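Read-outs throughout are calculated quantities, based only on the coordinates presented, and are distinct from any laboratory measurement. Remember, predicted model here, so these are calculated numbers, not experimental data. Glycine gets a Cβ as well: all are built from the backbone with ideal geometry, and neighbour counts include every protein chain shown.
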Amino acid sequence: MRKVVKLSVIVPFYNVQTFAPDMIRSIRANARSDFEFILVNDRATDETPKILERAVPSLPGARLISHERNGGLATARNTGIDAARGEYLTFLDGDDWLAEGYLPRLLDSIESLGTDFVRTDHVVCHGRKRTIARVPQGRRGVRLDPREAILPADRSTSVDYAYAWAGIYHRRLVDAGLLHFPDGLRTAEDRPWIWRLHREAKSFAVVGLLGVFYRRGVTTSLTQIGDIRQLDFIRSFDQVLAETAADPEADRFMPKAVRTYCAIIAHHLNSIERFEPSVARRLKTLSAAALKAMPQDVLTEALDSMDVERSVRLRRLRRRPFVTGTGKAAA
């Protein structure tokens, strides 16, 4: 008889040889006979594959899947989802780690609440410094409507807390086509994902459970690298806007989507010096095009509500001509 799997834990790895042993040790301290750990080697080029190959035989419930070519975090997570057999699924990143006994407590939380998904707080680790990052939702330990948690537009809400590993998800979300990530996105892959969950899932909850330790400032992390892959946030938020526009309550949710997109563009422009020169130029061109493609009345309202510095920067960019695919300047 095939073993019943209660929880599938999906962990992509790419060039994290320094940190992979910590992650392996932490999931070993969370193992249970009805848990499986799907380790996805996303064509790492350092010692990570050897670390995983050595770890799997002694890690209960572990399976190693190796990509023939690097596909990025979204694709690697999708590989894990497709292979998962659990009633529930959760995600981890290969350079983070877990507190001992965290996963059983996480599973208990969603089983007791009976929701489609549960979101958790986490610990941010920057060197030796530790801070707690909380889900921007005040009501804890109760069933909530995911759609209602999208708003208000002018405050940080649950859709802004997009960390896939900060939660647990029922298999019915996979069956409904809601848990896969936009294939091939190299950054901001979790933004269309979290928006889709909140628009289309039936229920969720937030619990004050700490157990994921998230490393910041890792030099190999894509968020620290100013190359062309960073610009995938444009594709990501274009998808958020397109899918939100198709929602029956588009008029209600579009101001939040546009305002968030604008805030992310402003964030990247504010640190534009970290990009390679050609990428910086591309950032301005794509951002100008994105602003022009937004509903202009909603955009104007969003800019009016932002602080002066960001508003001025975005208004200037909004007026900037950009080159179309034909090579001609667009007004």
Semi-axes in Å, largest first, for the range 7-220 (Cα gyration tensor, √(5λ)) are 26, 18, 18
In the range 7-220, taking the dipole from +1 charges on Lys and Arg beta carbons and -1 charges on Asp and Glu beta carbons about the Cα centre, the listed residue (GLY138, TYR169, HIS122) farthest towards the positive end is GLY138
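Treating the beta-carbon of each Lys and Arg as +1 and of each Asp and Glu as -1, no other charges, what is the dipole magnitude of the chain about its Cα centre, to the nearest 20 debye?
Charge dipole, the chain, about its Cα centre: 540 debye, nearest 20.
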Taking Cα pairs closer than 8 Å and at least 6 residues apart, the relative contact order of the range 1-118 in percent is 39
The range 226-319, Kirkwood Rh and Cα Rg, ratio Rg/Rh at 0.97
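Please state the charge dipole magnitude for the range 143-289, taken about the Cα centre, from unit charges on C-beta atoms (+1 on K and R, -1 on D and E), reported in debye and rounded to the nearest 20.
I would put it at about 260 debye.
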With label points set 7 Å from each Cα along the Cα-to-Cβ direction at ASP160 and ARG139, the distance between them in nm comes to 2.0
Relative to the chain, whose Cα atoms define the longest principal axis, helix 232-245 and its Cα axis are tilted in degrees, nearest 10, by 80
Computed over the Cα atoms of the range 8-50, the Rg and Dmax in Å are 10.8, 32
Using alpha carbon positions and the Kirkwood radius, the Rg to Rh ratio of the range 103-181 is 0.98
Each label sits 7 Å from Cα toward the beta-carbon; between ASP175 and ASP304 the label points are separated, in nm, by 4.7
What helix-only [θ] at 222 nm does the chain give? Using -39500 (n - 2.57) per DSSP H run of at least 4, over all residues, to the nearest 500, the answer is -12000 deg cm²/dmol
In whole Hz, the Karplus estimates of ³J(HN,Hα) for the range 23-38 (6.51, -1.76, 1.60; θ = phi - 60°; x where Gly or Pro) are 4, 4, 4, 6, 6, 4, 6, 10, 5, 8, 5, 9, 9, 10, 10, 9
Taking Cα atoms, the helix 277-293 axis meets the longest principal axis of the chain at an angle in degrees (rounded to 10) of 70
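When only C-alpha pairs under 8 Å and at least 6 residues apart count, what is the relative contact order of the range 226-319, in percent?
Answer for the range 226-319 is 34 percent.
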Relative contact order as a percentage, the chain, C-alpha pairs under 8 Å and 6+ apart, gives 16
Helix 296-305 sits off the longest principal axis of the Cα atoms of the chain, rounded to the nearest 10 on a 0 to 90 degree scale, by 80
Evaluated at 10 °C and 1.306 mPa s, the Stokes-Einstein D of the range 164-207 based on the Kirkwood radius over Cα pairs, in µm²/s, stands at 142
